[in-house]
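The structure under discussion appears below in the form of structure tokens.
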Amino acid sequence: MPRETVDPRLSVGGERLASMGVVVDLPPGVPAPPALRNVSWLLADLDTGEVIAAKAAHARLLPASTLKTLTALTLIPRVDARRSYTATAADANADGTRVGLLPGQSYTGSQLFSALLMASGNDAAYALARAGGGLPATLSAMNEQARFLGAHDTVAKDPSGLDAPGQSSSAYDLALIGRAAMQLPEFRAYVTTRQIAFPGRPGKGGKRSTYVVSNHNRLLYNYEGTIGIKNGYTSAAKRTFISAVSRGGKRYILTEMHGLDPSWRAQAAMYDWAFRYGERATPVGSLVEPGTVTEPPALPSATTAAVPAPGSPAPPQAAGDVVALPALRSGSRWALSEAGLAPWVGFGGLGAAVLLVGVFATRAITRTTRRH
């Protein structure tokens, strides 16, 4: 059979990862991996980087708070965990989820990283960005870090992961980012901590008051061997997740984007399958090593085709065609019903957008301004 032509922009880690369907190579008698209710996912060996199975691995989607993993990876070497940093009113008034920073109160770098990774505090993200050299410098460093990892589907526009025009990542990139972050001992400590006492307002008699901050990763409490990493949610991104589990000398990493199942049990089922059958699967790709693919692959010559109007069939696409997609509008968020069209960002939706337009053309897109 002739080899399928794929766009090199979508094939970092192996040409099979350019597929928009489930990709897995199993011997006879091994069942397929369990279904996940999401747009894209990737399962890989955390140590070797071998990709065991994936679905739409390079689809560019909104990362929500899983982007905080890249924020932490970038800033842990730059922000002293023992030094104190004073929160500002701008930090405290962050949109979405907050840990509860108080303007004028000091927090150690360690406390801010705990708030960022355990409680997904957007206020902590902005405080850390300031401590790391300011918001523009932090975003520049995050994007430079993504390029170094080979995460070319990733564009960071907000260190908290809140939806921002042009911001994107992919299941493949989240696996690269999560794998790199797990090399840092400090990161591993933050994401496996279940609860900490966090500074609050001074109590009676000037006594320092604290309150409990808990880790939002429910897999950590419910699935044996969980070693991280970070969950996320916005009404447009839906549920996003990077998780990692260690058991019996094997470690796997699982990433998901635009998930529609709020339960931890779906991830647990995938890990059950991985620990039982993962070593019998032939890898379908690999997570590239940091520093080996620092520039995106060269683009082929391309033409631009318009996205069909809802209800109309998608026209045939030639190899290398680029699909023009609606840009995210500044100040708005697009939320999708369970059957909604995924919010592809940039040219990373090539092929996937054509497929999804054809499959989901009749499904409704609703507009919302909710953010979490």
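Here, each number is a calculation from the coordinates, and none is a lab measurement. Here the structure is a predicted model, which is why all the values come from computation and not from measurement. Note that we place each Cβ from the backbone using ideal geometry, even for glycine, and neighbour counts take in every protein chain shown.
Report the convex hull volume per residue for segment 87-154, counting only C-alpha atoms, in Å³.
Convex hull of Cα atoms, per residue: 97 Å³.
Roughly how many whole Å is it from the C-alpha centroid of segment 221-289 to that of segment 104-167?
23
Net charge around S40, counting only other residues with Cβ within less than 15 Å of its Cβ (Lys, Arg = +1; Asp, Glu = -1)? Kindly include the intermediate steps, with their values, before the conclusion.
Details: positive: R16, R37, K55, R60, K238, R239; negative: D153, D173, E256, D261.
With Lys, Arg at +1 and Asp, Glu at -1, the net is +2.
Would you list, by chain and number, the lysines whose Cα falls below 23 Å from the Cα of K238, excluding same-chain residues fewer than 8 positions away?
Qualifying lysines at Cα under 23 Å: K55, K68, K157, K230.
Is the shape of segment 1-120 rounded, prolate or oblate, going by the alpha carbon gyration tensor and its root eigenvalues a ≥ b ≥ c, with a/c under 1.5 for rounded and a/b larger than b/c for prolate?
On the way: a/c = 2.83, a/b = 2.77, b/c = 1.02.
Prolate is the answer for segment 1-120, as a/c is 1.5 or above and a/b outweighs b/c.
Quick one: net charge of K250's neighbours, Cβ under 12 Å, K/R +1, D/E -1?
On the way: positive: R247, R251, R276; negative: D45, D47, E50, E279.
Net local charge, K250 excluded: -1.
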